[in-house]
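Report on the structure given below.
The values are calculated or read from the model by the stated rules, or taken from the named source; none is laboratory data. This structure is a prediction, so every number in the text was calculated from the model and none was measured. Here the Cβ positions follow ideal geometry from the backbone for every residue, glycine too, while neighbour counts run over all protein chains shown.
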Amino acid sequence: MSWRELVLDANGVTLSHTKLWAHVAYLVGTIAFVRANWDETADWTIWAVYLGTVGASTAASKLFSLKHAGRDI
């Protein structure tokens, strides 16, 4: 996978705002998560929210792609 695939649509031609902003949100959330742990201010709720958000988003994305595989949406 190239870096271009992270922000371009399935055809690889135009910018996908959905992909772009999803990756921006993941980056910002990860930076905040790492900083909270670095400063030792994170407790179990920060871990639960971060891992739940990232895990749920990934699981939902996979489920959606499997459900709609081969369909033109």
Over the range 10-24, the set of residues closer than 19 Å to residue 54 by Cα and among the β-branched types (Val, Ile, Thr) is 18, 24
Of the residues that sit in the range 1-19 and are among the hydroxyl-bearing types (Ser, Thr, Tyr) and closer than 21 Å to residue 69 by Cα, which one is modelled with the highest pLDDT?
16
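Among the candidates 22, 36, which residue alone is hydrophobic (A, V, I, L, M, F, W, C), surrounded by 12 or more Cβ atoms within 10 Å (Cβ to Cβ) and closer than 22 Å to residue 69 by Cβ? Walk me through it before giving the result.
Numbers: 36 fails: closer than 22 Å to residue 69 by Cβ.
The conditions single out 22.
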Counting only residues that are under 11 Å from the mean Cα position of the chain (by Cα) and of a type in the set (Val, Ile, Thr), the range 14-73 contains a total of 7
With the condition kept exactly as written, say whether any residue in the range 64-72 is of a type in the set (A, V, I, L, M) and surrounded by 10 or more Cβ atoms within 10 Å (Cβ to Cβ).
no
Taking the range 36-64 and keeping residues in a helix (DSSP H, G or I), modelled with pLDDT under 85 and farther than 19 Å from residue 21 by Cα leaves none
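Of everything in the range 1-35 that's part of a helix (DSSP H, G or I) and small (Gly, Ala, Ser), which residue is farthest from residue 60 (Cα to Cα)? If you could, list the steps in order and put the result at the bottom.
Keep residues of the range 1-35 that are part of a helix (DSSP H, G or I), which gives 3-6, 17-35.
Right, trim to small (Gly, Ala, Ser) and you get 22, 25, 29, 32.
Details: 22: 13, 25: 16, 29: 18, 32: 23 Å.
Once the filter is applied, the top-ranked residue is 32.
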